[in-house]
């Protein structure tokens, strides 16, 4: 039995965010070295601002400007920063209540070591040199010294209006997985490497699964008996693809078909070649065409046999 | 008085939608859901304080790239200090979400529940989200339309339907959408000829026979019998609700008429006391993302004998003025914020029996079916709503 396979899988996408009026003002403000909060129905100032009151659910639009100095309300030392974290040298994650605000903002503090950080310490914003309208426009916080403690600034009303406001941002996301397809697919792939298609028979309903999933989804029992199917099969149904799919290097039009390999209990999917696309039909008999480097057949081509009778494959549609 | 015996009757007393469109760059996700929820509350003559719990649904998180967005939407939905629950069943999720909310009222866990579903497709690319390259697996060679097109061909072969039927569905739904101010597509100059001559994307599916990609949200306020009785506006009573699922692929799966869909319909009709859906149901909002799914679902849902669904479409029975109007709102073919699409079906069914569907109202609709499906034709959710109390 071959060892189960694993491979790395990276999923990444540059998601876009429509900011709405409040986040738009907040992020544009950061670009202009201005920190905005929002005043709630009970008079508290929330920084960062939110669109709806957490207590009353009312829409919040009363923006206020708060200070760029504040007080650390709690913190955690990060001795080994990971790629894409805000700083490349060890830093503290901090919650900072800016002067004039009633809630704290999550950011990072540039400090030489954990002994230099304490709850209650005074800090100030260090602005990034290049600012675009993002929370990273605050490069980090830095110690401000206790002399600033008296500056308990009151939040001042602000229209939130700036020239060329930021209305949307791009948020790239990246997830890294180790993907394991499991024993059944590993067995299947080992067979394909020898250009044999090995399905697995359900001990209960006797149907043959290709590709095998390790269990019969109808009967809920494990499938272990391997059964070689094909290589020939029947086109049960298909469509003609006229638009290029992203990331697929196939000339259009082409035929994407469901193919029931001889002996299989359900159809698998493949491309039909070796015949003009408009001559492909349900019932066409086909066989796989391999390339030297492919894990799967490159496509299927007609065998030249007479077409299968509809009754022989209609249960597989 | 039935006291605590049996299920609590459930009433739909408020419905709200956004004006669906391809991109709502002017609002955040919170702002989008807020619009629909606010309109539903106004429709119900209620305030946030009247709501006991919120049940929210959407399609995969990859569609916006916000993991568990329901957590940050509590403020926008007035849910702080209340239970919030997220439902996820792929494209059928809007229907399943409404049914979970219904269950909470029917079981007397909560008296009044706000239920909402949304998608903001402009924040990402659903086609990308649905076709992540999985190691060792053969990539799907065709995209979403290509996944469903072979099943349409199988339907045509099985029933002998002429290849002109799909265009009739698209032409009807796009015309119906012109009467619905909330619909995404408003193709004022639509003609049957334009549908028929639109590009063939995944033969046999043409461009005009596919659904758009939309930003949108839909919300409903559900409440108990006492709430329904004293509601100042018209009420839709829930007469039955059911969900069924089956695997994406298995030996013996009928992609043209999945068993899970047939079983789900049978269950919901039994609950609603419906023995002849074709005669008893006055309007249908079914999930038709590709035109041919109308005749396919007409058979799957028992409105036509096997092989006969296309004849209802072809003879005009499913037109707005036919005797079984299907998708008077314009349907998924005209509006598709994926996660919300199922709830829009359910909500539009409720609007019909409340008599509040406006320009696309079916005259005298008393009983309506809302239907949703998702995944590889594997998740089904349906409800039947009526203008009359289910016990009367």
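Every number here is computed from the coordinates shown, using simple stated rules; none is lab data. If you're wondering where the values come from, they're calculated on a predicted model, not measured in any experiment. All Cβ positions, even for glycine, are placed from backbone atoms using ideal geometry, and neighbour counts span all protein chains on display.
Cβ-to-Cβ counts within 10 Å put A:290, B:237, B:383, B:310 in ascending order as A:290, B:237, B:310, B:383, the fewest first. Counting only other chain Cβ atoms within 10 Å of each residue's Cβ, the peptide A:267-279 averages 2.
In chain B, helical runs assigned H by DSSP with n ≥ 4 each contribute -39500 (n - 2.57); averaged across all residues and rounded to the nearest 500, the mean residue ellipticity at 222 nm is -9500 deg cm²/dmol.
Round to the nearest 0.05 the FRET efficiency obtained for residue A:219 and residue A:315 when R0 = 22 Å and r is the Cβ-Cβ distance. For residue A:219 and residue A:315, the calculated efficiency is 0.80.
For chain B, the spread of Cα positions along the three principal axes, ordered from largest to smallest, is 53, 46, 45 Å. Taken over the range B:240-386, the convex hull of the Cα atoms encloses 97 Å³ per residue. Helix B:93-106 and the longest principal axis of the C-alpha atoms of chain B enclose an angle of approximately 30°. Counting beta carbons within 10 Å around each of B:274, B:344, B:205, A:169 and listing the fewest first gives the order A:169, B:274, B:205, B:344. According to the Kirkwood relation over distinct C-alpha pairs, the hydrodynamic radius of the range A:231-317 is 13.2 Å. With q set to 0.13, 0.14, 0.16 Å⁻¹, the log10 of I(q)/I(0) for chain A, from the Debye formula over equal scatterers at the Cα positions, is -0.89, -1.00, -1.28.
Rounded to the nearest 500, the 222 nm mean residue ellipticity of chain A from helices alone is -2500 deg cm²/dmol, with -39,500 (n - 2.57) taken per DSSP H run of at least 4 residues. Treating the Cα atoms of the protein assembly as shown as identical point scatterers in vacuum, please give the log10 of the normalised Debye intensity I(q)/I(0) at q = 0.06, 0.07, 0.10 Å⁻¹, two decimals. With no solvent term, the Cα-only Debye profile gives -0.42, -0.57, -1.04. Counting only Cα atoms, the range B:58-152 measures 48, 29, 24 Å along its principal axes, largest extent leading.
For peptide B:305-314, how many partner chain Cβ atoms fall within 10 Å of a residue's Cβ, on average? The per-residue average across the peptide is 0.
Summarising the label geometry, the points placed 7 Å from Cα in the beta-carbon direction at residue A:127 and residue A:9 lie 4.5 nm from one another. Look at where the Cα atoms of the range A:186-245 and of the range B:56-103 average out, and the two centres are 36 Å apart. For the range B:293-376, the equivalent ellipsoid derived from the alpha-carbon gyration tensor has semi-axes of 20, 17, 11 Å in decreasing order. Taking chain B as a Gaussian network, where each spring joins two C-alpha atoms under 10 Å apart, which residue of B:142, B:357, B:126 fluctuates the most? Taking springs between Cα atoms under 10 Å, the residue moving most is B:142. Set against the 2.2 N^0.38 Å expectation for a compact globular protein, the range A:75-157 has a Cα radius of gyration ratio of 1.12. Out of every Cα-Cα pair that the range A:8-51 contains, those further apart than 11 angstrom amount to 70 percent. Can you bin the range A:17-173 into rounded, prolate or oblate? Criterion: square roots of the alpha carbon gyration tensor eigenvalues sorted a ≥ b ≥ c, rounded for a/c under 1.5, prolate for a/b above b/c, oblate for the rest. It comes out oblate by the Cα gyration axes. Placing a label point 7 Å from the Cα of residue B:134 along the Cα-to-Cβ direction, no residue of the range A:216-231 has a backbone N closer than 12 Å. Can you figure out the FRET efficiency of residue A:205 with residue A:262, using R₀ = 22 Å and their beta-carbon distance, to the nearest 0.05? Calculated transfer efficiency: 0.75. Find the relative contact order for chain A and round it to a whole percent, using C-alpha pairs within less than 8 Å whose residues are 6+ positions apart. It comes to 15 percent, rounded to a whole number. Applying the Kirkwood pairwise sum to the alpha-carbon positions of the range A:182-229 produces a hydrodynamic radius of 10.3 angstrom. Residue by residue along B:72-78, Cβ atoms of other protein chains within 10 Å of the local Cβ number 4 on average. Does anyone have the angle between helix A:20-31 and the longest principal axis of chain A? Alpha-carbon axes, 0 to 90°, nearest 10? So the helix axis and the longest Cα principal axis differ by about 60 degrees. Applying Stokes-Einstein at 4 °C and 1.567 mPa s to the Kirkwood radius of the range A:275-317, computed over alpha-carbon pairs, gives a translational diffusion coefficient of 109 µm² s⁻¹. Ranked for footprinting exposure by Cβ neighbours inside 10 Å, fewest first, B:346, B:148 give B:148, B:346. Using R0 = 41 Å, the C-beta based FRET efficiency linking residue B:366 and residue A:277 works out to 0.25. Considering only B:132, B:178, B:333, the mean-square fluctuation computed in a Gaussian network model of chain B, springs between alpha carbons under 10 angstrom, is largest for B:132. Enumerate the residues in the range B:315-344 having an amide nitrogen under 13 Å from the point lying 7 Å beyond the Cα of residue B:192 toward its Cβ. What the label zone holds, given the 13 Å backbone N cut-off, is B:315-317, B:319.
In chain A, the longest principal axis of the Cα atoms and the axis of helix A:183-193 are about 60 degrees apart.
With kT/(6 pi eta Rh) evaluated at 25 °C and eta = 0.890 mPa s, and Rh the Kirkwood radius from Cα pairs, the range B:249-298 diffuses with a coefficient of 198 µm²/s according to Stokes-Einstein.
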